[in-house]
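Just below is one structure, and these are the notes that go with it.
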Amino acid sequence: MDSNQTDAVRSTMLDGNAAAGLLSEIFISEMTSSSIECANCGREGELGTLLAFLQAPGVVLRCPACEQVILRIVESPEAIYLEARGAAYLRLARTLAA
Ligand SMILES: [Zn+2]
């Protein structure tokens, strides 16, 4: 990919908060403040800080430090597919009873 192609791709990029609705459908709760670690470079941060590409086939969330793919989400009429091999971990907070 040359720099013009890279610029064109980046112009369609949003932050990870753009995927909040789809993530809440998968995980039930609000996810953008959940911690996630990039398996490639070790960057840790909130899911909402990832780079979101919504115009790919499905949703692609990339690391803002190394730009490796962390999460891919593809929807079909019957199911939602989540691929998270780019994440070392994703922290899902428990809702504690008061
Ligand atoms: Zn990274």
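The values are calculated or read from the model by the stated rules, or taken from the named source; none is laboratory data. Here the structure is a predicted model, which means the values were calculated and not measured. Areas reflect the complete protein model, heavy atoms only, side chains present, ligands, DNA and RNA absent. Shrake-Rupley method; radii C 1.70, N 1.55, O 1.52, S 1.80 Å.
Each Cα pair under 8 Å and six or more residues apart adds its separation to the average, and for the stretch 15-91 the resulting relative contact order is 28 percent.
Of the whole protein surface, Phe53 contributes about 20 Å² of accessible area at a 1.4 Å probe radius. If the segment from Val74 to Ala39 were pulled out straight at 0.36 nm per residue, it would be longer than the present Cα-Cα gap by 10.5 nm. Accessible area per residue for the chain is 64 Å², calculated with a 1.4 Å probe on protein heavy atoms, without ligands, DNA or RNA.
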